[in-house]
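The next block holds one structure in the form of structure tokens; read it before the comments.
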Amino acid sequence: MVMASDSQFHVLAVDDSIIDRKLIERLLKTSSFQVTAVDSGSKALEFLGFNEDQQRNTDQRSVSPNNHHEVEVNLIITDYCMPGMTGYDLLKKIKESSSLKNIPVVIMSSENVPSRINRCLEEGAEEFFLKPVRLSDVNKLKPHMMKAKFKDHEKPAKQEEEASETPEVQQSQPPQPQSNNNKRKAMDEGLSSDRTRPRYSGLTVVSN
């Protein structure tokens, strides 16, 4: 049962080193996680559908909103030092994205630099692992994924509650003054028609 539940979690691993990438991939699969491994931050963003997300934010609605949700990613683990886009740059882009910001991000590095670690944690990283990553480190990932899943489930529930409450508030205000005015208007019209109607009861008919 544990393996079945863990296999529901999908981890995106990002590392330009093929040796380190294979190592983290093997550790994640040993822990029964689904794994997708890429060798750069730009490929990670492409896999996540980051370009489509940016276009939707600029009101280009022609892009299908479900493109990057075909494969759900529950956590991203990325190397810090990579050519082109660093792990810190990737972290910032994910946290700035409206649709990706809730995905937990973990940074890895072979260099123990306190200022680098603090900067990543302040930007929103869940963990900072020193290489080589060990199985004990990988075991720390699941709680972060569980927490993110609960947040995702809570939001739709709250939105449904708010949507169901709104119409009730609007219907609880019947237009009483308008109905009274209509009644008064109908009564006035009835009276005015009686006043203008000719009366023949007092007339006598003269026959020749």
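Since every read-out is calculated from the coordinates, none of them should be taken as a lab result. Worth saying up front: this structure is predicted, and the values here are computed from it rather than measured. Note that we place each Cβ from the backbone using ideal geometry, even for glycine, and neighbour counts take in every protein chain shown.
Just to verify a number: FRET efficiency for Cys81 and Asn102, C-beta to C-beta distance, R0 = 30 Å, to 0.05? Working from the Cβ atoms, E equals 0.70. Here the Karplus relation 6.51 cos²θ - 1.76 cosθ + 1.60, evaluated at θ = phi - 60°, turns the backbone of segment 107-122 into coupling constants of 9, 10, 7, 8, 10, 8, 10, x, 5, 5, 4, 4, 5, 5, 5, 5 Hz, with x for every Gly and Pro. Pairs from the table (Lys22/Lys131; Lys92/Lys149; Lys43/Lys92; Lys43/Lys93) lying more than 18 angstrom apart at Cα are Lys92/Lys149.
Take the Cβ atoms of Arg26 and Lys151, set R0 to 45 Å, and the FRET efficiency comes out at 0.95. Inter-label distance, Asn112 to Asn51: 4.1 nm, where each label sits 7 Å from its Cα along the C-beta direction. When Lys22, Lys93 are sorted by how many other C-beta atoms sit within 10 angstrom of their C-beta, beginning with the fewest, the order is Lys22, Lys93.
Counting other Cβ atoms within 10 Å as a rough exposure proxy, the listed residues Arg119, Arg21, Arg26 run Arg26, Arg119, Arg21 from fewest neighbours to most. In this structure, the amide hydrogen of Phe9, modeled 1.01 Å from its nitrogen in the peptide plane, lies closer than 5 angstrom to those of Gln34, counting only residues at least 5 positions away or on a different chain.
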